[in-house]
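Take a look at the structure set out below.
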Amino acid sequence: VWSCCGCFCIFHLVCIQKWAKDSLFLVSSPLTDDDFGKKDYPWPCPKCRFEYKRSETPSRYYCYCGKVENPAVDPWLVPHSCGQICEREFKPSCGHKCLLLCHPGPCPPCPKMVTTTCHCKKAKAVPRRCSAKEWSCRLPCGRTLLCGQHVCENPCHAGDCQPCPRVSKQRCICGRQTAERLCASPQWQCDQVCGKCLPCGNHTCEQVCHAGPCGDCPRSGKRSCPCGKTKFTLPCTEDVPTCGDSCDKVLECGIHKCSQRCHRGPCEICRQEVEKQCRCGKHTKRMPCHKPYLCETKCTKIRDCQKHQCRRKCCSGNCPPCDQVCGRTLGCRNHKCPSGCHRGSCNPCPETVDVKCNCGKTVIKVPCGRERTIKPPKCKQLCSRPPTCHHPTQEKHYCHFGRCPPCRQPCQKTLTCGHLCPVSCHDEALVKQTGSHQSAGPWEQPSEPAFIQTALPCPPCEVPIPVECLGQHEVSPLPCHSANPYSCKRFCGRLLDCQNHTCMKECHRVTKSNSSADGKKAGPECSQCEEECTKPRPAGCPHRCVLPCHPGDCPSCLQMLKIKCHCKLSVLYIECLKLTRADVKEKELLISCRNQCPKELPCGHRCKEICHSGSCPLNCSQKVKLRCLCKRLKKEVQCSKIQEGQVSLECDALCKEMKRKAYEIKEAEAKAALEEEKRRQQAELEAFENRLKGRRKNKRRKDEVEVEQSSWQKYKNFIMLPVFGVAVVMV
């Protein structure tokens, strides 16, 4: 096989060799016999038309990477691959080589990572793939343009900067004319001839608008004669004469020389007679040198088509390919084979066909015969067909084949309400057609639904219109087609005739009367109040209003209240009206039973006040007897004064003397009791000791026994007497 390096399409080696040979014949067939085989004409790839030189016609079988000739078959490798590393240079060349195994098709982009900066070299270098190492920082380029005055304002770009787009007045090279020209091309030539006098003083400069000096006169210095053998030094005003010698220039035949004398102008053709041999080498003849000699003998060799003889006069033996046209119909079914008569099947059609878009402005060239299978090109021109709906212009879309897409512009037809239809155009809507075909039975397969194109009526108007509800509670935007008074589902809320409650019906229409200017009052359609009166009663009145719900104040309450007096002993019956209207003092009198208060004071006496509220007063007026501490003196005083501590009764001197005597008696009694206790204890001790010793001791006289008294026995009477006195006083 052979792989094209342009489209990488794979062909059999024999097929591509035959294609190259036929292509070269088609190109060279219009040439003459003398020019055949002398010029190197290219041959194209059958698919992409990439041109190759005659010397590049493949003759040997190589792998894809071109390293191995006749690669061996390996079931574990890609067919026609050598299995080695590709090592082909990437395109565009970056210095790296492909590291994949020998493979068909183009090499992938270079995957190496390199550190590179942007085109303008302003940005910091970043690591990028080698295949995408060129990047733009999008900042202004800033490089000085060729004009030397301005800088490039384009974003960071690759390659040279574009010519300066500014315009300025510039002089031509000779400086005679001034014109407004692009700053990028400051040097320009006018159409005037220089006309300056040359240094010889006899001639003028014939150059058109040039820079620098005009130079010397072209006729000055040493000049040669026409044959070039003799040189003369003459003024520039005189022409060089002929030298009179023979010309001796080589003629067009390349063999003989010009025999004329030195002359001006071209030499004549070679007229010498020579003996020439014809091209086939069979005949000779004497004739002028400039004339070619071809004999009348026809070649009898069979040409490469193996069908026809050469039949060319005076053939040199290198017979050209058969010049008869094949004429068989090619695979494209449009043309006949233009190749010379050949063996085997004909090559693909070499012609190209233009495949156009619908409008014909976008054209691509494809090999003949493929125009039936290739898709038409995508055209960037707008479709120019007239609209099929009621709009004056159709929606912008690109050129295409077939029907235009449905119009999506707003309909904008005027509806009955006066608004414009806002939906998309519906003049050509696809509607499913139903019931058009009745099946013959259950065995018949249901057919696909058919769609017909028809114009649909405009939908109901959806423009929002502010509409007030029936009860005038809110204003809501409703679609225009249903913009009628509606119920907002709230309670009516209008004030009924009772002036206390509102209508609890769902939002409804209310007829306005001329007498009721207020829009919040109930109408005849509203409900009637059937509630009891719920107005607040006077403070202290526990009864309800006897009337149903009514406007204004409630009537006075005439019911009797059964309440207890302040002392809780008597039950009183009082009119509710009197109790609720009475002030604090009057209420105090109304609730009192007029009897003495039964409560006891803290002192233990009964309250002397008439039945009253709250706590009893503490100023008790009861007379009580007051005694001194020793209970000897007494005095009658008011109870409240004793409670307040205003009155006290102190003991006199006689009371104090009696206290002292009583104290002494108690002290003596206590002392005697203490001595008696000691004697008793001593007796018990002696008895105990006698029992322990087991012998009898001499009896001692009791009056001789001296028992030492303790401190308690000595001072017992003095301590107990004051204690008893204080206790008596407290009691």
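A few comments on the model shown:
- Charge dipole (debye, nearest 20) of segment 198-285; +1 at Cβ of Lys and Arg, -1 at Cβ of Asp and Glu: 500 debye
- Area accessible to solvent at residue 573, 1.4 Å probe radius, in Å²: 150 Å²
- Taking amide H as placed 1.01 Å from N in the peptide plane, residue 96 has its amide H under 5 Å from the amide H of 90, each at least 5 places away in sequence or on another chain.
- C-alpha center-to-center spacing [segment 225-276, segment 637-667] in angstrom: 189 Å
- Surface accessible to a 1.4 Å probe, residue 512 within the full protein complex, Å²: 140 Å²
- Most to least accessible of 649, 674, 139 (protein chains only, probe 1.4 Å): 139, 649, 674
- Per-q log10 I(q)/I(0), segment 81-125, q = 0.18, 0.27 Å⁻¹ (Debye; single scatterer per alpha-carbon; no solvent): -0.61, -0.97
- Seen from every direction in turn and averaged, the convex hull around the alpha carbons of segment 204-343 projects onto 18.1 nm².
- Distance from segment 279-311 to segment 334-362 (C-alpha centre basis), Å: 36 Å
- Estimated translational D of segment 154-218 in µm²/s (Stokes, Kirkwood radius over Cα pairs; 4 °C; 1.567 mPa s): 91 µm²/s
- Solvent-accessible area, 1.4 Å probe, carbon plus sulfur percent, for the chain: 52 percent
- Rounded to the nearest 20 debye, dipole of segment 279-333 from Cβ charges on Lys, Arg, Asp, Glu: 140 debye
- Solvent-accessible surface (1.4 angstrom probe) belonging to residue 511, in square angstrom, nearest 10: 80 Å²
- Annotation for segment 214-294: GluC sites (Glu not before Pro) lying in DSSP loop with at most 14 further Cβ atoms inside 10 Å of their Cβ are 238, 252, 268.
- Stokes-Einstein D in µm²/s, Kirkwood radius over Cα pairs - segment 111-220 at 25 °C with 0.890 mPa s viscosity: 137 µm²/s
- Beta bridges per DSSP with both ends in the chain, % antiparallel, nearest 5: 100 percent
- With θ taken as phi - 60° and the Karplus curve 6.51 cos²θ - 1.76 cosθ + 1.60 applied, the whole-hertz 3J(HN,Hα) list for segment 540-548 is x, 8, x, 8, 8, 6, 6, 8, x Hz, x standing for glycine and proline.
- Coupling constants for segment 630-636 follow from the phi torsions by the Karplus curve (6.51 cos²θ - 1.76 cosθ + 1.60, θ = phi - 60°), and in residue order they are 8, 6, 8, 9, 9, 7, 8 Hz; glycine and proline get x.
- Alpha carbon convex hull of segment 1-148, projected area averaged over orientations, nm²: 14.9 nm²
- For residue 146, distant residues with modelled amide H under 5 Å away: 164
- Here's the picture: charge each Lys and Arg Cβ at +1 and each Asp and Glu Cβ at -1 in the chain, and of 293, 75, 397 the one pushed furthest to the positive end of that dipole is 75.
- In a reduced charge model with +1 at each Lys and Arg Cβ and -1 at each Asp and Glu Cβ, the chain shows a dipole moment near 2080 debye about its Cα centre.
- Ordering 119, 23, 92 by Cα displacement along the dipole of segment 1-124 toward the positive end leaves 119 in first place; charges were set at the Cβ atoms of Lys, Arg (+1) and Asp, Glu (-1).
- Legend: residues 90, 50, sorted from most to least accessible area (1.4 Å probe; ligands, DNA and RNA excluded), read 50, 90.
- In this structure the amide hydrogen of residue 465, modeled in the peptide plane, comes within under 5 Å of the amide hydrogens of 478, 480, none closer than 5 places in sequence on its chain.
- When the Cα atoms of the chain are aligned to their principal axes, the ranges along those axes come out at 213, 113, 90 Å in descending order.
- Residues in the chain average 70 Å² of solvent-accessible surface per residue, probe 1.4 Å, ligands and nucleic acids excluded.
- Neighbour cut-off at most 12 other Cβ (10 Å), DSSP loop, GluC sites (Glu not before Pro), segment 639-698: 650
- Ranked from largest to smallest solvent-accessible area, with a 1.4 Å probe on the protein heavy atoms, 553, 427, 323, 248 come out as 553, 323, 248, 427.
- Positive-end extreme of charge dipole, the chain - chosen from 48, 486, 109 (charges on Cβ): 109
The values are calculated or read from the model by the stated rules, or taken from the named source; none is laboratory data. Note that this is a predicted model, so its numbers are computed, not measured. Note that we place each Cβ from the backbone using ideal geometry, even for glycine, and neighbour counts take in every protein chain shown. For the accessible areas, the whole protein counts, side chains as well, though only heavy atoms, and no ligand, DNA or RNA atoms are used. Shrake-Rupley method; radii C 1.70, N 1.55, O 1.52, S 1.80 Å.
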